[in-house]
Amino acid sequence: MKLGKSTLIGNTTIQISGSKSISNRLLILESLFKTVIINNISNSQDTQLLKKALLEDRAETVDIHHAGTAMRFLTSYYSIQEGKTTILTGSKRMKERPIKNLVTALQNLGVKIEYLENEGFPPLKITGRKITESEVDIPAHISSQFITSLLLIAGKLENGLTIHLIGEITSKSYIEMTLDLLTQFGIKNRFEGNTIHVEHFISNYSTNYEVESDWSSASYFYSLCAIGREIIHLKSFYKKSNQGDAEISKIYADFFGVKTIFSDDHTITLQPNDNFSFPEKIILDMNNCPDIAQTLCVTAVALKIPFEISGLGTLKVKETDRLLALHHELKKLGAETAITDSTIQSVSFNEPEDNISIKTYQDHRMAMSFAPFCLIKELHIEDEKVVEKSYPMFWKDVTEILNTMS
């Protein structure tokens, strides 16, 4: 995808589809409890792959390709399908993404799960059974999706489930999102310290659920607004959101002078403050919202604001090693960075390269987070179709609000 050097067209309005995170959780709950009708479901590839897998009840082998959320959620889901054996597999990269902590937790609950290739990694052979055990331990610092995977099936277990979280909790906001959805379903739960308890649930009513638009997808428009300093309107966002990435509104207000104005019809207005004094340095722990770290780094580089971002340990086990990918690709934008296993910081800013071509590493967020830099300089995004994983309409929506300079 070639993006010429552009300016931002002000006062444009974009409709982003439903949150992928919420949609995927609701699909599992819908399949287990049959009590919800989902409206404004995400049109992301990940969500469509999960939906397809749940509809194929008789399939012996389920291939979820690059969909990491589907891999994790379905591992627990198939574990409680009594008498059914399922082989759960994915892409080459998916087979490199660790899942041992979740599998071990399920095995400790009595489920039979076998690794078909490499120990600790997909593909998995899962033999579903009735779970009567009611307590399990799981490390909390690797992935909140492992914990959510267990939480989504917990209400279906006849004795409920108590989960003891071991170590520092990462992406806590995503766990709280899951518990909030369970509460809305009528599934009683408690989260005290490092222990979560979910009670057994017998569904007795149905409900409609309107999925809020995706805040992580909104982050790219915050970046465009911060760099281009023009007003953008986004539809279907709630002031009281249970999405962790809603933190983007506060982050961009504090560091980039982009105010978020909420209206009664759930349209938000991103309004840049032209008199804003940018900080000398951004120092931020993004443990609760690591998925928007790439966007923030690109914005900071575009505006040449030094940064030091921590709490990013989960980025190394995403679609790619996102910290390493950021280190390499930000250099093309003129930023030298230093990374550890959980941090990234700017070292110096130089002139961007000529003929910038951004590698995406099969990672949708690399493609979308770097796109706003076209407001600074022309660039090419490799493998542009990778955005279909979470935001299929991304290029249409972005180019709609850009005025390419001749």
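The values are calculated or read from the model by the stated rules, or taken from the named source; none is laboratory data. Computed from a prediction, not measured in an experiment: that's the story for all the values here. Note that each Cβ is placed from the backbone with ideal geometry, even for glycine, and that neighbours are counted across all protein chains shown. Heads up: the accessible areas ignore ligands, DNA and RNA and are worked out on the full protein's heavy atoms, side chains in. Shrake-Rupley method; radii C 1.70, N 1.55, O 1.52, S 1.80 Å.
As a summary of the residue check, Ile356 satisfies the conditions (1) open to solvent by 10 Å² or more (accessible area, probe 1.4 Å); (2) touching a strand residue (DSSP E or B) at 6+ places or on another chain (Cβ under 9 Å); (3) without any contact (Cβ under 8 Å) to a residue 60 or more places away in the chain except for the one numbered (1).
Taking the criterion of being open to solvent by less than 10 Å² (accessible area, probe 1.4 Å) and in a loop (DSSP other than H, G, I, E, B), would at least one residue in the stretch 16-23 satisfy it? Within the stretch 16-23, one or more residues are open to solvent by less than 10 Å² (accessible area, probe 1.4 Å) and in a loop (DSSP other than H, G, I, E, B). The residues in the stretch 36-72 that are of a type outside the set (Gly, Ala, Ser), open to solvent by 10 Å² or more (accessible area, probe 1.4 Å) and part of a loop (DSSP other than H, G, I, E, B) can be counted, and the count is 9. The residues in the stretch 84-125 that are free of Cβ contacts under 8 Å to residues at least 60 places away in the same chain, closer than 15 Å to Ile147 by Cβ and not basic (Lys, Arg) can be counted, and the count is 9.
Within the stretch 240-265, residues that are within 21 Å of Glu230 (Cα to Cα) have Cβ atoms under 7 Å from residues that are loosely packed, with under 14 Cβ neighbours inside 10 Å in these pairs: Gly257/Asn273; Lys259/Asn273; Phe262/Lys239, counting only partners at least 6 apart in sequence or on another chain.
Can you go through Lys100, Lys95 and tell me which one is within 23 Å of Leu54 (Cβ to Cβ) and open to solvent by 10 Å² or more (accessible area, probe 1.4 Å)? Show your work before the answer.
Values: Lys100 fails: within 23 Å of Leu54 (Cβ to Cβ).
One residue alone meets the criteria, Lys95.
Of all residues in the stretch 43-61, those satisfying the criterion of being among the aliphatic types (A, V, I, L, M) and under 20 Å from the mean Cα position of the chain (by Cα) are Leu49, Leu50, Ala53.
When residues of the stretch 376-395 are filtered for being part of a helix (DSSP H, G or I), open to solvent by less than 60 Å² (accessible area, probe 1.4 Å) and in contact (Cβ under 8 Å) with a residue 24 or more places away in the chain, how many remain?
Summing the residues that are part of a helix (DSSP H, G or I), open to solvent by less than 60 Å² (accessible area, probe 1.4 Å) and in contact (Cβ under 8 Å) with a residue 24 or more places away in the chain in the stretch 376-395 gives 4.
Out of the strands (runs of 3 or more DSSP E) lying entirely within the stretch 303-361, which hold 3 or more residues that are over 25 Å from Asp46 (Cα atoms) and among the hydrophobic types (A, V, I, L, M, F, W, C)?
Values: elements: 307-310, 335-339, 344-349, 356-358.
Result: 335-339, 344-349.
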